[in-house]
Structures are given as C-alpha cells and as structure tokens.
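Single-structure report; data block below.
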Amino acid sequence: MGTSPSGRRDGRAPAAAAQAWAAEYQDGVISRAQALDLGLTSNTIAWRLQRGLWQRVLPGVYATFSGEPARQCRLWAVTLRAGPCSALSHRTAAELWGLTTEPSAGIHVTVPRGTPVTRMPGVVLHYSGRVVAARHPVLTPPRTRIEETVLDLAQAAASRDEALAWIFRSCAGRRTTPEHLAEAMRLRQRIRWRADLARALGEAISGVHSLLEHRYLNGVERPHGLPAGKRQLITQRGSRRQYSDVAYEEYDTLVELDGRAAHPEASRWRDIRRDNANAADGRVTLRYGWTEVCESSCEMAGEIARALCRRGWTGTPRRCGARCRIDT
C-alpha cells in the first residue's frame, strides 16, 4: 500500500529486487524513497532513468519498465507522490469500486488536512481530517472505503438528485448496504442533505434501486394514494430469477421503470421475455421512463389506478395538489 519495503530479504541485485517488488505490490511503480530503502543508490536510479529502463511518472516516482504506463500505474504514482496517508477518493475511488465505468478526467486523491502536497497536473487534491479512518485498510492502490466514497460523491454533487443517485447506485449494486452508509453518515458531523439522504437509505432498504424509482415512489405512488407496491419482486422461473421494479401483487399488476436512453440488445430481449412470461401468468406490465415519471406523473398515476381498479382495487386515487391532472 505504498509503505516502505524495509526489511524485505531478497537475494537478487537491488535493482532486480526493487523491480520485482514494485511489480508484485504496486503495478510496477516505485517511489524514490522505496527504491533507496531496497538498496539502490541515487546514481543507480539516475542511470536506469537515463538508459530508459525506468521512467519518471511524477517527481520522485518511477515506473520500473519502458512503455506507456497503464492507468493503474498512474493511480499508484499519485498516491505515492501524495504521501503514505493519502487515498484515492471521490470519482477515482468510484471507478475502482465499480460505481462508474468512466475514468474521472482528473485523478482525485485525499490527503490529511495540513499536509504540504505539491500540485500535480491532472490531479484534484482534497484535504480531510479523517482520511486515515476513511481509507480502506487492505485494498490497493489506497482508496477510501466504499461508504466514504459514496458520501464524498454525495457531498460533491451539484444537486440533491445527483447525491441521492449515488446512494441508490451503491446499494443497488450491492457494493454496500444502507445500514453501513447510515453508520458512516453518523460519524460525519457536517453533511449536506442529511435528512434527504437518510430518507433515501430507508427507501433503499425497502428495495428502491434508482433515482427514477425514488421519483416514482414520491411523485406518483404516494402523493396520488396508490396502494404500496412491493419493490424488486423476485419471480423464480426454472433456474432464472427475474426481478420486477414495482409489484402490486394482489392485483397482478407490475410497473417497470427504465431510465436508460437505450437498451443493449441482450437486455432488451431479456425484458421482453420477462414481460411475456408475466403476461402468460396473468400479470399485466406497465412500463414507464424518466419523462413519464417526472413530467406526466399525474396522468401516469391515473393510468395505473385504472389498471389496478380493473383487477380488484377498491381504492380511489387522490389529487396531489390543486393543479393535479389525475382523472379520478
């Protein structure tokens, strides 16, 4: 984890030992202090750099190979340059945790507050008084724990919706749990949107998996007096498990919510097969996207209410406000 290799015994020459150690533990990247600790001299390091056997990634941090360093090497170089208590954080940590598939434009790293760190090109520095506690104790390259990463992203979000989306994404992907996030929140004295985030964690426990599902719950179902649906209903068909976003089981009515602009072909056909199987079992499926949920919530609620009434619901939908357009 970027710590000193002091005391490591190796029968090989210092340069070979350093290269092997860096390859095994740090994706081939080593700091000057680590190289000296492994027995290399300043002259040996300079010679290897001059001959192109090593290359400088950042001041005092080297790749022990020729060729273009991969992104993982760059991440290691940043943490080594930032210091032994640093941790990759925010969107860069999210990348490592699989919360996003897009590498961040700048590499985000958090260091202890008050640490003098020289600015690095393409690196976003964050300062925290609790980075040591926030850092994962084992995983490399050093990064903030998943819960700390999610909360950092929520605090850096440009809007409340963006903050909530990080909460739902991390829980839906089973990378953490609402309970663990709630505990991490408790340890932070100051946090934006605390009440909203806490409410979202409660919804995540009940099965809300996305911002769109959150909007449906709070913009369609609850304010229009629809019955409470069951989230993420599991239907076992042979060896396959199929999930439904919202199920009104008593009325054999399912609501599927899709916020993606386009389906991958395999995913689209999987959804079609699921809907067909549900129809064969007597369940009707209503499918909506972001526009319907966020811009036509009243009309949508009325449509769902009519479907439920045809299947035995004896309730009556209500208006969400003076300008509600639901047909009651």
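FYI, it's all coordinate maths here, none of it is from the lab. A quick note: this is a predicted structure, and the numbers were derived from the prediction, not measured. Please note: Cβ atoms are built from the backbone with ideal geometry, for glycine as well, and neighbour counts cover all protein chains shown.
With kT/(6 pi eta Rh) evaluated at 20 °C and eta = 1.002 mPa s, and Rh the Kirkwood radius from Cα pairs, the range 14-69 diffuses with a coefficient of 199 µm²/s according to Stokes-Einstein. Counting only Cβ charges, +1 for Lys and Arg and -1 for Asp and Glu, the dipole size of the chain around its Cα centre is about 780 debye. Annotation for the range 270-328 versus the range 213-230: alpha-carbon center distance of 10 Å. Legend: translational diffusion of the range 153-197 by Stokes-Einstein, Rh = Kirkwood radius over C-alpha pairs, 25 °C, 0.890 mPa s; D = 228 µm²/s.
Note on the chain: Kirkwood radius taken over Cα pairs, Stokes-Einstein applied at 4 °C and 1.567 mPa s, translational D equal to 56 µm² s⁻¹. Taken over the range 111-243, the ratio of Cα radius of gyration to 2.2 N^0.38 Å equals 1.27. Value of Rg to Rh for the range 211-310, rounded to two decimals, is 0.95; Kirkwood radius and Rg both from alpha-carbon coordinates. The length gained by stretching the chain between residue 287 and residue 179 to full extension, at 0.36 nm per residue less their Cα-Cα distance, is 35.8 nm. Expressed in units of 2.2 N^0.38 Å, where N is the residue count, the Cα radius of gyration of the range 26-178 is 1.14. For residue 85 and residue 13, the difference between the fully extended length at 0.36 nm per residue and the C-alpha to C-alpha distance is 22.9 nm. Each label was represented as a point 7 Å from its Cα along the Cα-to-Cβ direction; for residue 242 and residue 139 these points are 3.4 nm apart.
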